[in-house]
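Enquirer: Dropping a structure here in structure tokens format, bear with me for questions.
The values are calculated or read from the model by the stated rules, or taken from the named source; none is laboratory data. A quick note: this is a predicted structure, and the numbers were derived from the prediction, not measured. Glycine gets a Cβ as well: all are built from the backbone with ideal geometry, and neighbour counts include every protein chain shown.
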Amino acid sequence: MPTLATVVTPAIPLWVSLIQDIAYLVAAILFIFGIKQLSSPRTARRGNMTAGVGMLLAIIATLYIQNAMSVVWIISAMIIGSAIGAVLAIRIQMTAMPQLVALFNGFGGLASVLVVGSEYLRRSHDTSLPITFDQGLTMGLSVLIGCVTFTGSMVAYGKLQGVIAGRPRQWRGQLIGNALMFGISFAASIWIGWDNTVGWTLLVIAALSSVLGVTLTIAIGGADMPVMVALLNSYSGMAACATGFILDPPNKALIVSGALVGASGIILTSIMCKAMNRSLANVLFGGVGTDDSTGSGSTEHESRPVRSVDAEELAMMLDGVRKVIIVPGYGMAVAQAQHAVRDLFHILEKAGTEVYFGIHPVAGRMPGHMNVLLAEVDIPYDRLLDLEQCNPEFETAEIAMVLGANDVVNPAARHDKSSPIYGMPILNVDKAQTVIVCKRSLAAGYAGVENELFVAPNTLMFFGDAKKSMSDLCKALTEQ
Amino acid sequence: MIAGLNAISMVLAQDSVQSSRAPLLIAVVFILVLASLYGFEIITKVPATLHTPLMSGSNAISGITIIGALICIIHMEPGSPFITILGFLAIVFAMINVVGGFLVTDRMLQMFKRK
């Protein structure tokens, strides 16, 4: 009866594991440099490649030792996975990016769960490698986080793709149910640490946390999706990190990289929450958020004096204007209006108008959503202004054009204490001389709040689908 | 709380008798904590414009779990079909995550241009 779980698995010579560890260290350094380079648009592409090289290095170092039997499986699995990943990545439309990020994220979580399953089976058959307390515990945690990541990401995918309704679903006892599922899974993880002979404990954790992932994400409204996507991203890192602990010896590559991703996701989540002036708990359990900007519930307010404008009138207004700021929102993404916006951008620039884009951090369905769409159509990134850069500019802008955004420009957030979005930092479009709101209808935004901007004295409504409106406007501008 | 910590440290101590795992574990936890702190540090500097590529790029990095999948399948004893299938699927999904993640990030970043 062997009692020593040696640090190095006997089959691997010491020098090989040493070389592997060095390779993992280099890979981790490359990941860190890669992420660092991602912080500037100029070096970002190189940064992504740097991280990719790190991954390649880690994979090669791991593959250095294999037995002939597994090699066929490994190669075929890697080819299949790479092919699917490459096809998805190359064929995806930029407007569908949030879904794809959610999908990849979910697969990462699922992979971690599968690793735990296979490692558990292997170790429980092999008496020379007993599962220690910490390994049992992290196996449970890895399955817990991995399953939440997987099913949560799938629900997010469904919502973003429009397969599942975007509005938040909540029911009585949801919070208690979630807490129970988490509590039981967590307790079961500790129990595996004590006694790992009962295999179905892992299955119980997998089942409960899979349900938990669904109930957590289905409660999130469309407009809160950026927070959820960032959070799920963080979870996938944590799952990889926990998986690093279950291996023997603990795998430093998984632990370091997982921790980096986990930390980055948390930071991004908190940036998103700050941009909405809400706590994470409020986003997760507060449940505001119908699917805005899709123009489904068109509640007209005949009694209010809404002034509207058509493409020809608007073209005339834009004639000879010095500065225009466009504020895009999810409506632009839904209508795929970014190409028409590019045409407008070029026509106006040619006429000597300065055009800027004001991007709210939570505009769209994932962090940075609008930036990607505008980059797709070659809008130079120095024309994209964030909240702090943009707000002083409105004072000197003749025209602010809101394109499929709603709550992020609602002035009620500044002064109406009873408003659900009170305190949320907004883009102060109402400070511009004239505000053009391009929108399908007067429907309220995600918080169900009516937008007083629409009836403000300096606002003109430009009704219609974002793409069609923009093309009409371009046509009118070139004809005049 | 202290009792709980005591219990955990006792369990770890028991383990360490068997496998001298405690020092190793502590070293690894050090790595974990430092990596997390550094992660917080480098991400705070990323501008909002790059949030999506950052997310999909770091998502690709979380596909590092591929290493775990490879290790599992490499160390597997012959003749265990169920483990093989799980390991096989783990590699497939992790590879989708890695290859897809890096490629799509590159596609996005190609588009970010200054005038």
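Enquirer: Somewhere in the range B:63-74, is a residue touching a helix residue (DSSP H, G or I) at 6+ places or on another chain (Cβ under 6 Å), modelled with pLDDT of 75 or more and either hydroxyl-bearing (Ser, Thr, Tyr) or not assigned by TED's automatic domain parsing to the domain that holds B:Arg107 (or both)?
Expert: Yes.
Conditions tested, residue by residue: (1) within 21 Å of the chain's Cα centre (by Cα); (2) under 24 Å from A:Leu254 (Cα atoms).
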| residue | (1), (2) |
| --- | --- |
| A:Met181 | no, no |
| A:Ile190 | no, yes |
| A:Gly193 | no, yes |
| A:Gly199 | no, no |
| A:Ser209 | yes, yes |
| A:Gly213 | yes, yes |
| A:Met225 | yes, no |
| A:Leu232 | yes, yes |
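Enquirer: Residue check, A:Glu376 against (1) in contact with a helix residue (DSSP H, G or I) (Cβ under 7 Å, 6 or more places away or on another chain); (2) more than 14 Å from chain B (Cβ to nearest Cβ), all met but one. Which one?
Expert: Tallying (1) in contact with a helix residue (DSSP H, G or I) (Cβ under 7 Å, 6 or more places away or on another chain); (2) more than 14 Å from chain B (Cβ to nearest Cβ), A:Glu376 fails exactly one: (2).
Enquirer: Kindly check whether there is at least one residue in the range A:199-213 that is closer than 24 Å to A:Pro130 by Cα, modelled with pLDDT under 90 and surrounded by fewer than 21 Cβ atoms within 10 Å (Cβ to Cβ). First the steps, then the outcome.
Expert: To start, the set of residues in the range A:199-213 that are closer than 24 Å to A:Pro130 by Cα comprises A:199-206.
Next, only the ones that are modelled with pLDDT under 90 stay: A:199-200.
Filter once more, keeping what is surrounded by fewer than 21 Cβ atoms within 10 Å (Cβ to Cβ): A:199-200.
Yes: the range A:199-213 contains one or more residues that are closer than 24 Å to A:Pro130 by Cα, modelled with pLDDT under 90 and surrounded by fewer than 21 Cβ atoms within 10 Å (Cβ to Cβ).
Enquirer: Would you point out which residue out of A:Val362, A:Val341, A:Val355 is away from chain B (no Cβ under 14 Å) and among the aliphatic types (A, V, I, L, M)?
Expert: Working: A:Val362 fails: away from chain B (no Cβ under 14 Å); A:Val355 fails: away from chain B (no Cβ under 14 Å).
Result of the check over A:Val362, A:Val341, A:Val355: A:Val341.
Enquirer: In the set B:Ala27, B:Ala94, which member is more than 7 Å from chain A (Cβ to nearest Cβ) and in a helix (DSSP H, G or I)?
Expert: Numbers: B:Ala94 fails: more than 7 Å from chain A (Cβ to nearest Cβ).
B:Ala27 is the lone residue from the list that is more than 7 Å from chain A (Cβ to nearest Cβ) and in a helix (DSSP H, G or I).
Enquirer: State which residue is nearest to A:Lys439 (Cα to Cα) when the search covers only the range A:344-376 and only residues that are over 21 Å from the mean Cα position of the chain (by Cα) and among the β-branched types (Val, Ile, Thr).
Expert: A:Val355
Enquirer: Run down A:Ala102, A:Ala77, A:Ala111, A:Ala96 and say which single residue is surrounded by 23 or more Cβ atoms within 10 Å (Cβ to Cβ) and in contact (Cβ under 8 Å) with a residue 60 or more places away in the chain.
Expert: Details: A:Ala77 fails: in contact (Cβ under 8 Å) with a residue 60 or more places away in the chain; A:Ala111 fails: in contact (Cβ under 8 Å) with a residue 60 or more places away in the chain; A:Ala96 fails: surrounded by 23 or more Cβ atoms within 10 Å (Cβ to Cβ).
None of the others qualify; the one that does is A:Ala102.
Enquirer: Would you mind listing the helices (runs of 4 or more DSSP H) fully within the range A:33-129 where at least 2 residues are closer than 29 Å to A:Thr217 by Cα and either assigned by TED's automatic domain parsing to the domain that holds A:Asp248 or not hydrophobic (A, V, I, L, M, F, W, C) (or both)? Show your work before the answer.
Expert: Working: elements: A:44-63, A:68-91, A:97-125.
The helices (runs of 4 or more DSSP H) meeting that bar are A:68-91, A:97-125.
Enquirer: Something else now. Quick one: how many residues across the range A:220-250 are closer than 18 Å to A:Asn282 by Cα and either in contact (Cβ under 8 Å) with a residue 60 or more places away in the chain or in contact with a Pro (Cβ under 7 Å, 6 or more places away or on another chain) (or both)?
Expert: Qualifying residue count, the range A:220-250: 12.
Enquirer: From the list A:Val324, A:Val341, which one is over 28 Å from the mean Cα position of the chain (by Cα), under 29 Å from A:Gly368 (Cα atoms) and not assigned by TED's automatic domain parsing to the domain that holds A:Leu160?
Expert: Numbers: A:Val341 fails: over 28 Å from the mean Cα position of the chain (by Cα).
None of the others qualify; the one that does is A:Val324.
Enquirer: Among the candidates A:Ala179, A:Ala156, A:Ala187, which residue alone is at pLDDT 90 or above and either surrounded by 16 or more Cβ atoms within 10 Å (Cβ to Cβ) or not assigned by TED's automatic domain parsing to the domain that holds A:Arg123 (or both)?
Expert: Details: A:Ala179 fails: either surrounded by 16 or more Cβ atoms within 10 Å (Cβ to Cβ) or not assigned by TED's automatic domain parsing to the domain that holds A:Arg123 (or both); A:Ala187 fails: either surrounded by 16 or more Cβ atoms within 10 Å (Cβ to Cβ) or not assigned by TED's automatic domain parsing to the domain that holds A:Arg123 (or both).
A:Ala156 is the lone residue from the list that is at pLDDT 90 or above and either surrounded by 16 or more Cβ atoms within 10 Å (Cβ to Cβ) or not assigned by TED's automatic domain parsing to the domain that holds A:Arg123 (or both).
Enquirer: Ok, one more. Among the residues of the range B:30-72, count how many are at the interface with another protein chain (Cβ under 7 Å from one of its Cβ atoms) and under 22 Å from A:Asp134 (Cα atoms).
Expert: Qualifying residue count for the region: 14.
Enquirer: In the range A:411-428, what residues are surrounded by fewer than 19 Cβ atoms within 10 Å (Cβ to Cβ) and either in contact with a strand residue (DSSP E or B) (Cβ under 7 Å, 6 or more places away or on another chain) or closer than 17 Å to A:Asn458 by Cβ (or both)?
Expert: The answer is A:Pro411, A:Arg414, A:His415.
Enquirer: I'd like the full set of residues that are aliphatic (A, V, I, L, M) and touching a Phe, Trp or Tyr at 6+ places or on another chain (Cβ under 6 Å), limited to the range B:74-115. Quick ask: steps written out before the conclusion?
Expert: Taking the range B:74-115 as the starting set, the residues that turn out to be aliphatic (A, V, I, L, M) are B:74, B:76, B:83, B:85-86, B:89-92, B:94-96, B:98-99, B:103-104, B:108-109, B:111.
If the condition is that a residue be aliphatic (A, V, I, L, M) and touching a Phe, Trp or Tyr at 6+ places or on another chain (Cβ under 6 Å), then B:Ile96 is the only one that fits.
Enquirer: With respect to A:Val408, is the statement that it is in contact with a Pro (Cβ under 6 Å, 6 or more places away or on another chain), within 14 Å of chain B (Cβ to nearest Cβ), buried (at least 24 other Cβ atoms within 10 Å of the Cβ) and of a type in the set (Val, Ile, Thr) true?
Expert: Values: in contact with a Pro (Cβ under 6 Å, 6 or more places away or on another chain): no; within 14 Å of chain B (Cβ to nearest Cβ): yes; buried (at least 24 other Cβ atoms within 10 Å of the Cβ): yes; of a type in the set (Val, Ile, Thr): yes.
So A:Val408 does not fit the description; no.
Enquirer: Could I ask something else about it? Is it fair to say A:Leu175 is assigned to a helix (DSSP H, G or I), in contact (Cβ under 8 Å) with a residue 60 or more places away in the chain and more than 30 Å from A:Val334 (Cα to Cα)? Spell out the reasoning first.
Expert: Details: assigned to a helix (DSSP H, G or I): yes; in contact (Cβ under 8 Å) with a residue 60 or more places away in the chain: yes; more than 30 Å from A:Val334 (Cα to Cα): yes.
When the stated conditions are applied, A:Leu175 passes them.
Enquirer: Quick one: would you say A:Ser82 is surrounded by fewer than 21 Cβ atoms within 10 Å (Cβ to Cβ), among the polar types (S, T, N, Q), modelled with pLDDT of 95 or more and under 25 Å from B:Phe88 (Cα atoms)? It would help to see each step written out before you state the result.
Expert: On the way: surrounded by fewer than 21 Cβ atoms within 10 Å (Cβ to Cβ): yes; among the polar types (S, T, N, Q): yes; modelled with pLDDT of 95 or more: yes; under 25 Å from B:Phe88 (Cα atoms): yes.
Spelling it out, A:Ser82 is indeed surrounded by fewer than 21 Cβ atoms within 10 Å (Cβ to Cβ), among the polar types (S, T, N, Q), modelled with pLDDT of 95 or more and under 25 Å from B:Phe88 (Cα atoms).
Enquirer: Kindly provide the set of residues from the range A:246-260 that are facing another protein chain (nearest Cβ under 7 Å), hydrophobic (A, V, I, L, M, F, W, C) and in a helix (DSSP H, G or I), ordered by number.
Expert: A:Ala253, A:Leu254, A:Ile255, A:Val256, A:Ala259, A:Leu260
Enquirer: Follow-up question, since we're still on this one. Check off (1) facing another protein chain (nearest Cβ under 7 Å); (2) within 22 Å of the chain's Cα centre (by Cα) for A:Gly47 and give me the number that stays unchecked.
Expert: The single condition A:Gly47 does not satisfy is (1).
Enquirer: Shifting gears a bit: Which of (1) more than 26 Å from A:Lys274 (Cβ to Cβ); (2) touching a strand residue (DSSP E or B) at 6+ places or on another chain (Cβ under 8 Å); (3) surrounded by fewer than 22 Cβ atoms within 10 Å (Cβ to Cβ) is the odd one out, the single condition A:Ala337 does not satisfy?
Expert: So the condition that A:Ala337 fails would be (3).
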